[in-house]
Protein chains: 2
Amino acid sequence: MAQSQLRPPTMADVARLAGVSHQTVSRVLGDHPNVRDRTRAKVLHAIEEMGYRRNFSARALVTRRTRTLGVVASDTTLYGPASTLFALEEAARAEGYLVSTVSLRRLTVDKVSEALEHLSQGGVEGVVAIAPQRSAVEALAELRHPFPVVTVGSGPSVGIPGVNVDQHLGARLATGHLLAAGHRTVWHLAGPEDWQEATDRAAGWRATLEKVGVAPPLTLRGDWSPLSGYRAGQELAGWVGRGLTAVFVANDQMALGVLRALREAGVRTPQDVAVVGFDDIPESEFFAPPLTTVRQDFAAVGKRSIALLLDLIEGREPSGASGIAIEPQLVVRASSFPYTSDQGAPPA
Amino acid sequence: MAQSQLRPPTMADVARLAGVSHQTVSRVLGDHPNVRDRTRAKVLHAIEEMGYRRNFSARALVTRRTRTLGVVASDTTLYGPASTLFALEEAARAEGYLVSTVSLRRLTVDKVSEALEHLSQGGVEGVVAIAPQRSAVEALAELRHPFPVVTVGSGPSVGIPGVNVDQHLGARLATGHLLAAGHRTVWHLAGPEDWQEATDRAAGWRATLEKVGVAPPLTLRGDWSPLSGYRAGQELAGWVGRGLTAVFVANDQMALGVLRALREAGVRTPQDVAVVGFDDIPESEFFAPPLTTVRQDFAAVGKRSIALLLDLIEGREPSGASGIAIEPQLVVRASSFPYTSDQGAPPA
DNA sequence: GACGTCATTGTGAGCGCTAACAATTCATGC
DNA sequence: GCATGAATTGTTAGCGCTCACAATGACGTC
């Protein structure tokens, strides 16, 4: 049973014990037909006996396949990237691939380059880059790599194939929802300038306002963090009573900061100012008040990007679906519901 | 420059171009001494010329090293596991290792077994299991695997080497803080029974109360989610005025739910009931009110567990530090500060 | 009963690399 | 100028596996 040589057993060892050739062992392991049942049983028994496991490297050498994909990401402790990562791994595993991740603090050209090099040394067959910053995508585009690369969240048409959620649509949903609730205009707290998603959300917000003939008010900018939302919220509080009744915040964490700042300034949400976020992090439902927000289907993102990457690796024509952006969904909660006087309905 | 054969170039190809033997190329790549500068330059040039990269599998086959570690985790979208994962990968990369992750939804014996099998097929040299559930650790203990396994968050003394934060201490800090603020007793909303960390936190809470001669009140239990905290919070609200003035909640997400439930019940925090959480997620500082909580040093956890795993892989004697639990830190904010009438001080 | 056919098993080569050893070159001292 | 050893380079042999092909056996057909 247990087996404690210095060297783990090889296929030849198993073959010897089973009284067959190493090739027959390989066939059994490879589920080939044309192996007699009795032979297969003998081999399986010998494998069990010796605790044999196929050597990954030898196999990979001759098949030229490592069945490993790489992922480059940043801010992986945030809900969005973490969810994408999870979905990516799950989808890859379903296809029999292993996923090696490199989590960077910042996606500078140098760091991205190092990450790709590191993954390349690890024999990955392809890479998914969760690269929402434009600078990261540019880095990716100019880097030479011996394997296909797919981006996530980099927006459409960047020269590198990628999968995206329709951020513009999400912003239109959020902004439109606030306008429909009777607000004359909607303010916007945007994400960092370098982020494609921030740009797309801001563009969707602006487009929605312009469509109904409203001039977009001043845009504030944060860095996605609750703290930056808090600071922006303090500024926003100063505009209450001067036309500010609704804010579309580019993510939920900043919205949390905004809510706190408004609360501290004595501004009531949603009675005085309605707030809508983006992401639907698990906490949003329990904010004070529960936050209206836009939900993205990260599982779909993961599945699609793995499918796309595998198409590229296998040399298949990518299916048409990979180009189409994934539709986000508006989740309405108390923070944008003007006719409640309490702090929101209980959770579902 | 660019190079677009069907087969990527091999060491022999480079050697031919450089007019040396493949072994010399290997030496250059391996940074061996005893290679003449001129020769090294020629080889480097040829490598650049052909866009050559060493074949990972061939290298791994002969060196018997894949320099890849595996991680098994669950709930990787939560702050704690995500932070641990990040720290693990960063520490491993610093040592030149790649990290392959398997993220499970639930750590059942079958799933853990499959995950280890999957990683094993991928040639990992060792595995870190983020296995806070006791059932997961038991699964790990009974499984045979051809590589060392290290646990994180499984508590001390489980037969498998592991790294832990001192949860008991964290709970004592939290409970002690509330008692010191003048509360007669402290209630506890615990995490799931099967989680070692939940058990340890509950034990630390109980020990602190017993030390000052207070009989621990009824323990409530949640599943870490804000929703479960909300439900528990509704129950807790019923005890206000009957001896409940302070609650130690086993994590921040549940604390968020508790805060909402109390607010909806007209109970003020911290004036009527003080609340302390655990984890210090980035959002806690902006809760209503900002949450007092216990911070864990995930980076230290990551570094230590990688160091321990590498010791095991290399056959070194693990350094003594690996057995010692990492000390958590109390972070005091408005939710436990009884002498403020507003909703808390502005963030730092 | 010889022969073809198919299922089953075995043999040999080689994937691309590193390690061990062998061979060569080079500098140095006398 | 030549021995001597060190520095540098080349040669050979696998690592453990899969692939292509060869060999064997079983079985039915005429």
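The values are calculated or read from the model by the stated rules, or taken from the named source; none is laboratory data. Please read all numbers here as calculations on a predicted model, not as lab measurements. Backbone-built Cβ (ideal geometry, glycine too); neighbour counts: all protein chains shown. Surface accessibility is based on the protein's heavy atoms, side chains included, excluding ligands, DNA and RNA. Shrake-Rupley method; radii C 1.70, N 1.55, O 1.52, S 1.80 Å.
Tabulated results
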{"item": "Among the residues listed as A:GLY170, A:GLY126, the single one being farther than 23 Å from A:PRO217 by Cβ, touching a strand residue (DSSP E or B) at 6+ places or on another chain (Cβ under 6 Å) and at pLDDT 95 or above", "result": "A:GLY126"}
{"item": "Some residue of the range B:35-48 being among the polar types (S, T, N, Q) and open to solvent by 70 Å² or more (accessible area, probe 1.4 Å)", "result": "no"}
{"item": "Scope the range B:162-177; condition of a type outside the set (Val, Ile, Thr) and touching a helix residue (DSSP H, G or I) at 6+ places or on another chain (Cβ under 6 Å); matching residues", "result": "B:GLN167, B:HIS168, B:ALA171, B:ARG172, B:GLY176"}
{"item": "Residue that is farthest from the other protein chains (Cβ to nearest Cβ), among those in the range A:256-276 that are open to solvent by less than 10 Å² (accessible area, probe 1.4 Å) and free of Cβ contacts under 8 Å to residues at least 60 places away in the same chain", "result": "A:VAL273"}
{"item": "Condition broken by B:THR68, with the remaining ones in (1) among the hydroxyl-bearing types (Ser, Thr, Tyr); (2) surrounded by fewer than 20 Cβ atoms within 10 Å (Cβ to Cβ); (3) away from DNA strand D (no atom under 16 Å from the Cβ) satisfied", "result": "(2)"}
{"item": "Hey, B:LEU173 among the hydrophobic types (A, V, I, L, M, F, W, C), open to solvent by 10 Å² or more (accessible area, probe 1.4 Å) and in the same structural domain as B:GLU197 (by TED's automatic domain parsing) or not", "result": "yes"}
{"item": "Residue within the range A:280-289 that is among the aromatic types (Phe, Trp, Tyr) and either surrounded by fewer than 24 Cβ atoms within 10 Å (Cβ to Cβ) or under 30 Å from A:VAL149 (Cα atoms) (or both) present", "result": "no"}
{"item": "Lone unmet requirement of (1) more than 10 Å from every other protein chain (Cβ to nearest Cβ); (2) in contact (Cβ under 8 Å) with a residue 24 or more places away in the chain; (3) crowded, with 23+ Cβ neighbours inside 10 Å; (4) in a helix (DSSP H, G or I) for A:LEU17", "result": "(3)"}
{"item": "Residue count for the range A:84-120, restricted to those that are in contact (Cβ under 8 Å) with a residue 60 or more places away in the chain and among the β-branched types (Val, Ile, Thr)", "result": "1"}
{"item": "Test: A:ALA41 is touching a residue at least 24 places away in the same chain (Cβ under 8 Å) and more than 14 Å from every other protein chain (Cβ to nearest Cβ)", "result": "no"}
{"item": "Residue check, B:HIS183 open to solvent by 50 Å² or more (accessible area, probe 1.4 Å) and in contact (Cβ under 8 Å) with a residue 24 or more places away in the chain", "result": "no"}
{"item": "Residue that is within 14 Å of DNA strand C (Cβ to nearest atom) and farther than 23 Å from B:LEU61 by Cβ, where the choices are A:LEU61, A:LEU44, A:LEU29", "result": "A:LEU44"}
{"item": "Output for the range A:99-118, where each listed residue is at the interface with another protein chain (Cβ under 7 Å from one of its Cβ atoms) and more than 17 Å from the chain's Cα centre (by Cα)", "result": "A:HIS118"}
{"item": "Residue match in the range B:75-95 (condition: open to solvent by less than 20 Å² (accessible area, probe 1.4 Å) and within 9 Å of DNA strand C (Cβ to nearest atom))", "result": "no"}
{"item": "Residues of the range B:27-63 classified as near DNA strand D (Cβ under 8 Å from one of its atoms) and either at pLDDT 95 or above or in a helix (DSSP H, G or I) (or both), total", "result": "8"}
